[in-house]
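Enquirer: For reference, the structure I am asking about is given below.
The values are calculated or read from the model by the stated rules, or taken from the named source; none is laboratory data. Nothing here was measured: the structure is a model prediction, and the numbers come from that model. Here the Cβ positions follow ideal geometry from the backbone for every residue, glycine too, while neighbour counts run over all protein chains shown. We work out accessible area using only protein heavy atoms, side chains counted, and drop any ligands, DNA or RNA first. Shrake-Rupley method; radii C 1.70, N 1.55, O 1.52, S 1.80 Å.
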Amino acid sequence: MIKAILFDYDDTLVQTRKTRYQTIYKLSDELFKTKITEKEIDEAWGLPAEKFLLKLFGRFSSDIHYLWSVYLEFSKKDLNIPHIHAFDFINKYQNSFKFGIVTSSSEKVVFRELNELQIDTNLFLQIQTSDHTSVHKPNPKVFEPIFGLLKNKKINKDEVIYIGDSPADYESASKFGFQFLGIAHDNRHVDYFQRGKIPFVKSFFELENDLMNKERFA
């Protein structure tokens, strides 16, 4: 029986890839006068926040505080967009499950975006960001901080499911002992899920149907 549902943040709950690629293109062009490629962003995508910025822009400046300030300033112009039904789903089932977020994004970015989207952060037992741990996905130890809170609520590993969009989400969650459900809002990782016979859905509407119809959620 599932008692807690944890989510990845970027590209699971919100459409970060769609919005932030545009932010990075604009920042590169307007501030650093260079054209960054989609491949370069792909190679940095999913890294912890500071490593992500240094991989993209470290050749222009190694001052992480400066890079953070300009990235945040540019990102304010491109508001992130929730995936359809994502937060409606969480609101609807807030009394049925403990919800949490485990993400490699930074606390300052995640909380700012949730505030911009007018999402009540009290819906989540914990929003764990890259600031909360020295390890990151696909290292399964990334889940130790939030699981400590869940244990205090008398929730065991097999009563937790992690929902994410990437191979790193699956590898870290399954190795830690959580159940996993992939969410494929696009086709980037569908082949990976299919080859590995990893259960996945394509939307939060499908997720809700999965939740209502499978015994593991009973």
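Enquirer: Express the carbon and sulfur contribution to the solvent-accessible surface of the chain as a percent, rounded to the nearest whole number, probe 1.4 angstrom.
Expert: 48
Enquirer: Work from the charge dipole of segment 16-76 (Cβ charges, +1 for Lys and Arg, -1 for Asp and Glu, about the Cα centre) and give the residue of GLN22, PHE52, VAL70 farthest towards its positive end.
Expert: GLN22
Enquirer: Based on DSSP, what percent of beta bridges with both residues in the chain are antiparallel, to the nearest 5? Mind showing how you got there, number by number?
Expert: Numbers: 1 of 19 bridges.
Taking every DSSP beta bridge with both residues in the chain, the antiparallel ones total about 5 percent.
Enquirer: Show me, for segment 90-106, the HN-Hα J-couplings you get by feeding each phi into the Karplus relation (A = 6.51, B = -1.76, C = 1.60, θ = phi - 60°), rounded to Hz, glycine and proline as x.
Expert: Karplus-based 3J(HN,Hα) across segment 90-106 equals 5, 4, 5, 10, 4, 8, 9, 9, 7, 10, x, 10, 10, 9, 8, 6, 7 Hz.
Enquirer: Then there's this: Just to be sure I understand the curve: with the Debye formula and one point per C-alpha of segment 82-164, what is log10 I(q)/I(0) at q = 0.17, 0.26 Å⁻¹?
Expert: Result of the Debye calculation: -0.75, -1.49.
Enquirer: Now for a different question. With the Cα gyration tensor of segment 16-76 giving a ≥ b ≥ c as the square roots of its eigenvalues, does the rule (a/c under 1.5 for rounded; else a/b larger than b/c for prolate; else oblate) give rounded, prolate or oblate?
Expert: On the way: a/c = 1.22, a/b = 1.09, b/c = 1.12.
Cα axes put segment 16-76 in the rounded bin.
Enquirer: In sequence order, what are the phi-derived ³J(HN,Hα) couplings for segment 55-61 according to the Karplus relation 6.51 cos²θ - 1.76 cosθ + 1.60 with θ = phi - 60°, rounded to whole Hz, with x for glycine and proline?
Expert: Karplus values, whole Hz, x for Gly and Pro: 5, 6, 10, x, 6, 9, 7.
Enquirer: Once a ≥ b ≥ c are taken as the square roots of the eigenvalues of the Cα gyration tensor of the chain, is the result rounded (a/c under 1.5), prolate (a/b larger than b/c) or oblate (a/b not larger than b/c)?
Expert: Verdict is prolate for the chain.
Enquirer: A further question follows. Contour minus end-to-end for TYR93 and LYS55, with contour as 0.36 nm per residue of separation and end-to-end as the Cα-Cα distance?
Expert: Net length gain for the segment: 9.8 nm.
Enquirer: So, taking all protein chains as they sit and a 1.4 Å probe, how much accessible area belongs to TYR71, in Å² rounded to tens?
Expert: 20
Enquirer: Moving on. Suppose every K and R has +1 on its Cβ and every D and E has -1 on its Cβ; what is the size of the dipole of the chain about the Cα centre, in Debye to the nearest 20?
Expert: Value, rounded to 20: 380 debye.
Enquirer: Would you calculate a helix-derived [θ] at 222 nm for the chain, using -39,500 (n - 2.57) for each DSSP H run of n ≥ 4 and dividing by the full residue count, to the nearest 500? Write out the running numbers ahead of the final one.
Expert: Working: 10 runs with 95 residues, N = 218.
One gets -12500 deg cm²/dmol as the mean residue ellipticity at 222 nm.
Enquirer: Mind pulling the angle between the C-alpha long axis of helix 204-213 and the longest principal axis of the chain? Nearest 10 degrees, somewhere in 0 to 90.
Expert: 20
Enquirer: Whose amide H sits under 5 Å from the amide H of HIS83, counting only residues 5 or more places off or on another chain, with H placed in the peptide plane?
Expert: Those qualifying (amide H under 5 Å, at least 5 residues apart or on another chain) are VAL14, GLN15.
Enquirer: At 7 Å along Cα-to-Cβ for each site, give me the label-to-label distance between GLU38 and LYS151 in nm.
Expert: Reported label-point gap for GLU38 and LYS151 is 4.4 nm.
Enquirer: If amide hydrogens are placed 1.01 Å from N in the peptide plane, which non-local residues have theirs closer than 5 Å to the one on PHE200?
Expert: GLY182
Enquirer: Tell me the angle of helix 107-116 to the major Cα principal axis of the chain, expressed in degrees between 0 and 90 and rounded to the nearest ten.
Expert: Once rounded, one gets 80 degrees.
Enquirer: I've got another one for you. Cα axis of helix 167-176 to longest principal axis of the chain: angle in degrees, 0 to 90, nearest 10?
Expert: 40
Enquirer: FRET efficiency for GLU206 and LYS108, Cβ-Cβ distance as r, R0 = 25 Å, nearest 0.05?
Expert: The formula returns an efficiency of 0.20 here.
Enquirer: Could you do me a favour and compute the accessible area per residue for the chain, 1.4 Å probe, result in Å²?
Expert: 50
Enquirer: Per residue of segment 136-143, what does 6.51 cos²θ - 1.76 cosθ + 1.60 with θ = phi - 60° give for ³J(HN,Hα)? Whole Hz please, x for Gly and Pro, Karplus curve as stated.
Expert: Couplings: 9, 4, x, 5, x, 5, 4, 8 Hz.
Enquirer: Okay, moving on. Let me have the relative contact order for segment 83-133, percent, based on Cα pairs under 8 Å that are six or more residues apart.
Expert: Relative contact order, segment 83-133: 47 percent.
Enquirer: Please give the Cα centre distance for segment 2-28 versus segment 159-203, rounded to the nearest Å.
Expert: 16
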